[in-house]
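Chemist: Please find one structure pasted underneath; my questions will follow.
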Amino acid sequence: MSESPFAPDPAPPSGKAGITRKARLGVLIIVQLIMAGELVVLIGNGRWMHVFLVIALMGVILAPMVLHRLRAIAIPSEIHVVIVLFGFASLFLGEIRDYYERIWWWDLALHSSAGLLLGMLGFLVVYMLNEDERVDLHMQPSFVALFAFMFSVGSGGLWEIFEFSMDQIFGLTMQKPMLGDPSGLTDTMWDMIVNAIGAAIISLAGWRYMRREHKSYVDSWARRFVERNPQLFERTRKRAGDVSSR
């Protein structure tokens, strides 16, 4: 019987774990200080919509740490840092600091990155359930890759709906004029295209990874997520136990 990638293995050295936690804390402190300074400026200028966005973003960035403190869910430090930096680059630098207007490729770069990140998230979720021997779920690599791709593309579509809603309701310009098209339609379509390209790249990489059965950071992140959040798998383990006892 092959060894599960989620089989317990020796805990990582405390020094390595400590460095990872300190790096995450350092990133969070720097990002929050920058946004706190900008928040003061925005309040002084009376830009209340941006004030709301900054406060909401600061809360979202801290949410994983709060959930961890409440023992609700624990997210690996590397994933948390990636999420924080992406949110900071897209919402704070992009919307509030107008990087979308200042740097023409900023929007395309972030949507490409979003396709990769969302594809990785979708792949990680299904891979985690598929490979954990405690969970009664087994899917072929091609289906896992397809799910990751569709998850990323679907999430990108929901984001475009969010941008359209914010523009219509609050008068923002999240959908930018592009290539001579003032309506924002060209911007939306290119966002979805590069998002799909990023999703396809990460899905193909995930499919090749599962076919070759190589180990990488995916195993480490998935294993640690399962080990730190056993409450999320209680129902599945009980169901698997009931089926095996019949």
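Chemist: Mind ordering 33-40, 81-88 by average Cβ neighbours within 10 Å, highest first?
Modeler: 81-88, 33-40
Chemist: Among PHE164, PHE151, which comes first, then next, by fewest other beta-carbon atoms within 10 Å?
Modeler: PHE164, PHE151
Chemist: In debye, nearest 20, what is the charge dipole magnitude of the range 13-97 about its Cα centre with +1 on Lys and Arg Cβ and -1 on Asp and Glu Cβ, if you could check?
Modeler: 340 debye
Chemist: How much net charge surrounds GLN32 when only other residues with a Cβ under 13 Å from its Cβ are counted (Lys, Arg +1; Asp, Glu -1)?
Modeler: 0
Chemist: Taking only the Cα atoms of the range 13-97, how large is their convex hull per residue, in Å³?
Modeler: 87 Å³
Chemist: A further question follows. Quote the charge dipole size of the range 99-206 about the Cα centre in Debye, to the nearest 20; the model charges only the Cβ of Lys and Arg (+1) and of Asp and Glu (-1).
Modeler: Here the range 99-206 has a charge dipole of around 120 debye.
Every read-out reported here was derived from the displayed coordinates using simple, explicitly stated rules and does not represent laboratory data. Worth saying up front: this structure is predicted, and the values here are computed from it rather than measured. A quick note on method: Cβ atoms are made from the backbone with ideal geometry, for glycine too, and the neighbour counts reach across all protein chains shown.
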